[in-house]
Amino acid sequence: MLLSFVALFVLSMSVVALAAELPFGTAIGDGKYEEAIVLKVGSDDWFFGFEDGELTVVGDARLIRTGGGDGSCNRQQWEIDFETTAEVAQWIEWRLSATEWDWYIRKPGVYYGDSIQAFIKSNGDVVISFDMEDMTYQGAAAVGTTDTNIEVFYAAVAGTQIPDPDDDFVYGPELEPIRLLDNMGQTFYQGLCPITQTLHDGLWFKLWTKINVENCNSAGLYLGGGTISIEATNQVAWLDGSGDWIGALPPTTGN
């Protein structure tokens, strides 16, 4: 019992000491808009957003106080309405096992291989777009006898699936569409990945490449590449394009 009391006392004193270090919010405009202190479980830091016209130390959440009221009379009962809102920003987590793959070919043919493993996780719809190009010859090509390009095709499949070389690959410069199959058997098309529980938990897939090496491709080095773009489709207005806070936040309800 004594131990519990001592522990409670120490905890209370810690809270008092912490509260003494926390700055108070700064009223903006008519004084009914105020940014409050935010603390995060598991962190010793306090976070405070907009103070004296400047954006100060902030974390992953901010809290705005608006409204207010008072009263003084002999009524028997007061009824005071409160409202709580929360607006959650969209986040994206992604990983790629590689950003370069290098082929070494002894003889002409059509080859396809498991190039990279990819992971994407988000709490909203995600647009994945591709801008891919063929590999081009880096040497001095013989005029009229050499194909200076090696065509590159792409396919995305879930888990241990192996794509069909005839049906599942799409020519890189014409990626319309490329299929992304999750492990629940749903089909994701290039462009829009609809929101699913799998996307919330994290979607793993593999990106395969296929190349077509012709007889007329000269010996030597060919270089190519491209860009994969991942875009959040439901981002909030109070973050900038880099995901950083914009400054003073508007009250959600316009109070």
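Values quoted throughout were computed directly from the atomic coordinates according to the rules given, and no laboratory measurement underlies them. Predicted model, so just to flag it, every value in this text is computed and none were measured. Positions of Cβ are generated from backbone atoms using ideal geometry, with glycine treated the same way; all protein chains shown enter the neighbour counts.
Which FRET efficiency value, to the nearest 0.05, do you get for V38 and D102 by plugging their Cβ-Cβ distance into 1/(1 + (r/R0)^6) with R0 = 41 Å? That pair, V38 with D102, gives E of 0.30.
When each of the peptides 166-174, 67-75 is scored by how many other beta carbons lie within 10 Å of its residues on average, the order from highest to lowest is 166-174, 67-75. Using the average count of surrounding beta-carbon atoms within 10 Å as a protection proxy, the listed peptides 102-108, 213-219 rank, highest first, as 213-219, 102-108.
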